[in-house]
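For reference, the structure is listed below as structure tokens.
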């Protein structure tokens with residue numbers, strides 16, 4: 001778990017650097033990528049989600065969500081509905097208090113994962129997940145929302161080697177996301193992904209050399225497409241092989 005938690009710590013560091021100097025007005029800025037939310041709401045959501053993960057093994061995911069949302073979900077409600085209710089119920093804390101809460105929850109989350117075996121099954125929204133996978137989803141979500149905060153502030157955030165974990169998760173979950181999209185499952189071993197690392201100093205590869213389908217391009221572009229923050233046609237990604245179009249259409253993270 002050490003490598004995954006190190007990636008999580010790096011993403012937390014990047015977000016902390018963005019948040020530390022903010023003024024009260026900046027905390028109140030709308031986050032365009034998260035309609036209806038401010039920068040403060042995005043950070044509150046991240047703190048809540050970290051606490052939600054840690055409450056799963058003892059309190060249970062449903063009970064923890066109901067506590068933070070001020071009541072159980074409405075029949076037929078989605079996860080997005082639950083998340084919106086959680087933020088609405090607990091928003092309004094002063095920025096310094098919110099930052100303290102997020103720092104505490106993110107630090108506790110790293111400790112929570114460090115004592116787990118990577119194969120331990122932990123409860124989450126989509127069912128029980130291996131600890132390594134669940135920790136990776138936390139890198140994913142923090143990375144996505146770090147970019148959302150940066151966009152709201154009109155600045156950029158550093159994308160480093162923690163994106164390797166995001167890209168790997170997107171590749172490994174191809175069978176799940178293709179089935180969710182109503183398509184035939186795409187096995188990861190049938191897809192070769194070759195990505196240029198964010199610093200341009202290396203190539204990340206996933207999948208066998210002789211896979212019939214290949215996706216190539218910048219790691220950041222692949223991760224943005226998987227995070228639903230960019231359309232494939234607007235990136236430098238290129239695909240070839242029988243499932244190239246399908247892969248770029250369905251690939252996604254669980255953030």
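The values are calculated or read from the model by the stated rules, or taken from the named source; none is laboratory data. For clarity, every value in this text was computed on a predicted model and none was experimentally measured. Please note: Cβ atoms are built from the backbone with ideal geometry, for glycine as well, and neighbour counts cover all protein chains shown.
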Exercise for review: Could you name every one of the helices (runs of 4 or more DSSP H) located completely within segment 15-69 that has at least 3 residues being within 23 Å of residue 108 (Cα to Cα) and without any contact (Cβ under 8 Å) to a residue 24 or more places away in the chain?
Suggested key: 61-69
Review point. All but one of (1) in contact with a strand residue (DSSP E or B) (Cβ under 9 Å, 6 or more places away or on another chain); (2) within 27 Å of residue 127 (Cα to Cα) hold for residue 60; which doesn't?
Key: (1)
Check your understanding: Given the conditions (1) modelled with pLDDT of 95 or more; (2) under 14 Å from residue 8 (Cα atoms), and given that residue 161 satisfies all but one, which numbered condition is not satisfied?
Key -> (1)
Point to revise | Matching residues in segment 70-94 - criterion: being without any contact (Cβ under 8 Å) to a residue 40 or more places away in the chain and either over 24 Å from the mean Cα position of the chain (by Cα) or part of a loop (DSSP other than H, G, I, E, B) (or both) | key: 70, 71, 72, 73, 74, 75, 76, 77, 78, 92, 94
